[in-house]
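Student: Could you have a look at this structure, given as structure tokens, before my questions?
The values are calculated or read from the model by the stated rules, or taken from the named source; none is laboratory data. Fair warning: this is a prediction, and the values are worked out from it, not measured in the lab. Quick reminder, even Gly has a Cβ in these numbers, built from the backbone with ideal geometry, and neighbours come from all protein chains shown. Ligands, DNA and RNA are stripped out before the accessible areas are found, and what is left, the full protein with its side chains, is counted by its heavy atoms. Shrake-Rupley method; radii C 1.70, N 1.55, O 1.52, S 1.80 Å.
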Amino acid sequence: FGLIIARAGSKRLKNKNTLRLLGKPLFYYTVNEALKSKYLDKVYLSTNDNKIISKIKNFPSVKLIKREKKFSKDETKAEEVILDFVKKYKKIFDIIFLLQPTSPLRKNFDIDNSIKKMVDNINIRKDE
């Protein structure tokens with residue numbers, strides 16, 4: 001599955017995840033392309049940003065995760081958000097594919113090619 005992390009409160013570029021690019025908020029591009037992926041069976045979005053929360057309703061197949069304050073700080077690492085997600089959902093995941101909204105030019109075929117390359121690499125190592 002894909003996990004998009006989009007925190008509010010960026011210091012260097014204020015509200016970067018909701019800034020408009022060609023008329024759409026930045027996070028939209030990542031969500032849209034993740035949903036087109038042939039390998040991502042689910043797409044989750046972790047955020048504390050109320051603007052994103054209100055707009056993600058336009059994507060009913062995206063599972064919204066309201067991020068806790070303790071995981072919404074400047075110094076919070078992506079790894080902490082991922083580990084909290086895994087802890088809360090208590091599922092076994094084959095692959096967690098991290099997607100950040102600050103890559104609006106990434107297309108679904110880029111996502112799929114990355115996943116395929118990673119899986120092929122894992123399979124090669126298993127054979128060794």
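Student: Any residue at all in the stretch 17-33 that's hydroxyl-bearing (Ser, Thr, Tyr), more than 22 Å from TYR89 (Cα to Cα) and modelled with pLDDT under 95?
Tutor: So far as the stretch 17-33 goes, yes, one or more of its residues are hydroxyl-bearing (Ser, Thr, Tyr), more than 22 Å from TYR89 (Cα to Cα) and modelled with pLDDT under 95.
Student: To continue, here is another question. Go through (1) over 12 Å from the mean Cα position of the chain (by Cα); (2) surrounded by 16 or more Cβ atoms within 10 Å (Cβ to Cβ); (3) without any contact (Cβ under 8 Å) to a residue 40 or more places away in the chain and name the single condition ASP94 misses.
Tutor: Single failed check for ASP94: (2).
Student: With touching a helix residue (DSSP H, G or I) at 6+ places or on another chain (Cβ under 9 Å) and surrounded by fewer than 16 Cβ atoms within 10 Å (Cβ to Cβ) as the only criterion, which of PHE27, PHE71, PHE109 stands out? Lay out the reasoning, then the answer.
Tutor: On the way: PHE27 fails: surrounded by fewer than 16 Cβ atoms within 10 Å (Cβ to Cβ); PHE71 fails: surrounded by fewer than 16 Cβ atoms within 10 Å (Cβ to Cβ).
After ruling out the rest, the residue left standing is PHE109.
Student: Just name the residue that is farthest from LEU35 (Cα to Cα) out of those in the stretch 112-128 that are among the charged types (D, E, K, R) and surrounded by 12 or more Cβ atoms within 10 Å (Cβ to Cβ).
Tutor: Only one residue tops the list, namely LYS116.
Student: Consider the stretch 1-24. How many of its residues are open to solvent by 50 Å² or more (accessible area, probe 1.4 Å) and touching a residue at least 40 places away in the same chain (Cβ under 8 Å)?
Tutor: The number of residues fulfilling the criteria is 4.
Student: Another question, if that's okay. All but one of (1) out of contact with any helix residue (DSSP H, G or I) (no Cβ under 8 Å at 6 or more places or on another chain); (2) among the aliphatic types (A, V, I, L, M); (3) open to solvent by less than 80 Å² (accessible area, probe 1.4 Å) hold for LEU83; state the number of the condition that does not hold.
Tutor: (3)
Student: Among the residues of the stretch 32-68, count how many are open to solvent by less than 20 Å² (accessible area, probe 1.4 Å) and not hydrophobic (A, V, I, L, M, F, W, C).
Tutor: Final tally of qualifying residues: 6.
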